[in-house]
Amino acid sequence: MLYVSTRGKTDLISSAHAIARGLAEDGGLFVPQRIPVMRLADIKAMSNKPYTERAIDVLLQYLTDFTEAELRECVNAAYDKKKFGENPVPLVQVNDNTGVLELWHGPTSAFKDMALQLLPHLLIRSMAKSGETNKVVILVATSGDTGKAALEGFVDVEGTQIIVFYPCEGVSDIQKRQMITQTGKNVKVFGIEGNFDDAQRGVKEIFNNIVLGDELEKNGYSFSSANSINWGRLVPQIVYYFSAYVDAVQAGKVNFGEPINFVVPTGNFGDILAGYYAKLMGLPIERLLCASNSNKVLTDFINTGIYDKRREFFKTISPSMDILVSSNLERLLYSVTDQNAEQVADYMKRLNTEGLYQIDNDVLKRIQREFFGAWVDELETKEAIGRIYSDYKYLLDTHTAVAWRALEKYRFLTSDDTYTIVLSTASPYKFADSVLDALDDAQPAGSDPFANLAELHEKTGVEIPPRMLALKDMPVLHNEIIPADKMELAVVKNLL
């Protein structure tokens, strides 16, 4: 299996090279030259396997320069029971035709752990396979969850340095606390004056700065990424779609081979793109529902074919979705234009220079056959949290609530009652103040995030993740705030 850039100006490379580099030299994203197909019999055979073995079945299709033994070693270390418990991704049946896939039982209580606990193991082996001897510098832009998950995955990993940039006013109190208390001799965290798009743009500019790259190369450093622009970050996410499907069959919700829907709260598009790849591989998926908050650039794109980032940016109670430039959409465009790298490069150039691009009607129809877009505002998000808890005693976080409400809109508009799995991307305790505000007869305890944790636990009885409670007594180690245009300088000062 070889990989090519979505913009077409790089040579074909192995998966190890794609993971080690992170971003293609032409600014594009690495994608597999072809999508492997799994037989229904092979998918059915996953039913009686633990999650680790299901992961190996999928990863072997894409990471063909890794041996099965190497992948098993990586996967077993990543999804260790001490980190994730007996079942890393439980599928909870909330009502007759809706399940919730809880992706937040890892160390940082967010779905990013599913990929970022595995990525360091893949990266270290990829470095060795590709002959990389420099120390790899992992640059991360985060809207809240990726940063901590990456820090947790790469902390004190030999041969790596990790630098995280987060919008200082654009994450929850718990998300911020998780990052600024991070220990480790190879980690550095910066808050930036700006939003996630500013952080993401800054990281891409650093990657594309050839002069800086050469200077760091001379000093024994090479850049890579833990954001979902890195193929090694995206490919583990494909696994949990397969796992959820076979669990739904085992739960008697669908017959094997019968298609289901998935609904995904998404800002950067990577999580839902993994579902699209799963469908191309042969997983029986009917429709992928893309749920947006008030920053509804993806919903507008799916409905109109126009991607326009020139719009007001909203700070919402679902901050991990507060994104206007969705990097992974580039991979989808490459697929639906039949690998037309020249066209994709033109879209991305227009986005950077004009702030928008428009796809033609045939391409739009291809996207709309696979995806449905809906957006949900703040009031609807809170209403959904309160109502679902009242009706089913199931507690949604602010991102999962966006997905649930988007699903309700889809069902109302289409009358489609297909069994659907909602991807739950974070523990409700990461956004305890907003969740409390949404529940009947509950009020946030004020500005103290740990008082809010206690209040939410008292109200619902849902267990607080122990690592989250421990944050209260951890010292702040990273308190530097910088302008968004000083990110490159911060990297240089930290490394040279």
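Whole number in Å², please: accessible area per residue of segment 1-101, 1.4 Å probe, ligands, DNA and RNA not counted.
44
Probe radius 1.4 Å, ligands and nucleic acids ignored: give me the carbon and sulfur share of the accessible area of the chain as a rounded percent.
That share works out to 47 percent.
Using +1 at the C-beta of Lys and Arg and -1 at the C-beta of Asp and Glu, which of SER143, VAL164, LEU119 has the Cα lying farthest in the positive direction of the dipole of segment 89-175?
Result: LEU119.
Where q = 0.11, 0.12, 0.16 Å⁻¹, what log10 of I(q)/I(0) comes from the Debye formula for segment 145-303, counting one point per Cα?
Computed log10 I(q)/I(0) values: -0.60, -0.70, -1.07.
What is the distance in Å between the Cα centres of segment 284-349 and segment 179-225?
Centre-to-centre distance over Cα atoms comes out at 24 Å.
So for segment 188-229, what percent of the C-alpha to C-alpha distances run longer than 14 Å?
Considering segment 188-229, 57 percent of its Cα-Cα pairs are separated by more than 14 Å.
Sort out for me the Cα centre separation of segment 54-74 from segment 430-465, rounded to whole Å.
About 41 Å separates the Cα centre of segment 54-74 from the one of segment 430-465.
Just list whichever of LYS204/LYS315; LYS148/LYS382; LYS315/LYS459; LYS135/LYS218; LYS218/LYS486; LYS148/LYS176 have alpha carbons separated by over 19 Å in the model shown.
LYS204/LYS315; LYS148/LYS382; LYS315/LYS459; LYS218/LYS486
Test of understanding: what is the full-extension gain from ASP391 to ASN479, defined as 0.36 nm times their sequence separation minus their Cα-Cα distance?
27.5 nm
About the Cα centre of the chain, how large is the charge dipole given +1 on each Lys and Arg Cβ and -1 on each Asp and Glu Cβ? Please answer in debye to the nearest 20.
Roughly 740 debye, rounded to the nearest 20.
Say R0 is 30 Å: what FRET efficiency, to the nearest 0.05, do ASP214 and GLU70 get from their beta-carbon distance?
The calculated FRET efficiency here is 0.40.
Ordered by residue, what ³J(HN,Hα) values in Hz, to whole numbers, does segment 41-55 give under the Karplus form 6.51 cos²θ - 1.76 cosθ + 1.60, where θ = phi - 60° and Gly and Pro are x?
5, 5, 5, 4, 5, 5, 3, 9, 9, x, 4, 4, 6, 4, 4
If each residue of separation counts as 0.36 nm, what is the full-extension length gain between LYS486 and PHE412 once their alpha-carbon separation is subtracted?
Result: 21.9 nm gained on full extension.
Using a cut-off of 23 Å between alpha-carbon atoms, which lysines can reach LYS253, once sequence neighbours fewer than 8 places away in the same chain are excluded?
The reachable lysines, counting only those whose Cα sits under 23 Å from LYS253, are LYS44, LYS49, LYS279, LYS393, LYS409.
Rg (Å, one decimal) plus Dmax (Å, integer) for the alpha carbons of segment 342-403?
Rg then Dmax for segment 342-403, in Å: 18.2, 51.
First measure r as the distance between the Cβ atoms of ARG39 and GLU383, then evaluate 1/(1 + (r/R0)^6) with R0 = 45 Å and state the FRET efficiency to the nearest 0.05.
0.55
Post the alpha-carbon centroid distance, segment 80-118 to segment 390-407, in whole angstrom.
Segment 80-118 and segment 390-407 have Cα centres spaced 16 Å from each other.
Among ALA18, GLY386, THR64, pick out the residue whose Cα is farthest towards the positive end of the charge dipole of the chain, where Lys and Arg carry +1 and Asp and Glu carry -1 on C-beta, about the Cα centre.
THR64
Can you give the accessible area per residue of segment 106-238, in Å², using a 1.4 Å probe?
Result: 28 Å² of accessible area for each residue.
List the extent of the Cα atoms of segment 1-71 along each of their three principal axes, largest first, rounded to whole Å.
43, 24, 15
Where does the charge balance sit around SER424 when Lys and Arg score +1, Asp and Glu -1, over other residues with C-beta under 9 Å from its C-beta?
Result for the local shell: -2.
Measuring from label point to label point, each 7 Å out along Cα→Cβ, what is the LEU2 to GLU312 span in nm?
So the two model labels end up 5.0 nm from each other.
Which one of VAL246, LEU234, GLN200 has its Cα pushed farthest toward the positive end of the charge dipole of segment 198-258, where Lys and Arg give +1 and Asp and Glu give -1 at the Cβ?
VAL246
Hey, with R₀ at 45 Å, roughly what FRET efficiency would ASN134 and ALA451 work out to, going by the Cβ-Cβ distance, to 0.05?
For ASN134 and ALA451, the calculated efficiency is 0.45.
Suppose a student asked you for the relative contact order of the chain, using Cα pairs under 8 Å spaced at least 6 residues apart; what percent would you report?
Reported relative contact order: 19 percent.
Once you have all Cα-Cα distances for segment 337-496, histogram them in 5 Å bins from zero and send the whole-percent values.
Answer for segment 337-496: a P(r) of 1, 7, 11, 12, 11, 10, 13, 12, 11, 8, 2, 0 percent.
The values are calculated or read from the model by the stated rules, or taken from the named source; none is laboratory data. Predicted model only: the values in this text are computed from it and were never measured. Note: ideal-geometry Cβ built from the backbone for every residue, glycine included; neighbour counts use all protein chains shown. Just so you know, the surface numbers come from the protein's heavy atoms only, side chains and all, with ligands and any DNA or RNA stripped out. Shrake-Rupley method; radii C 1.70, N 1.55, O 1.52, S 1.80 Å.
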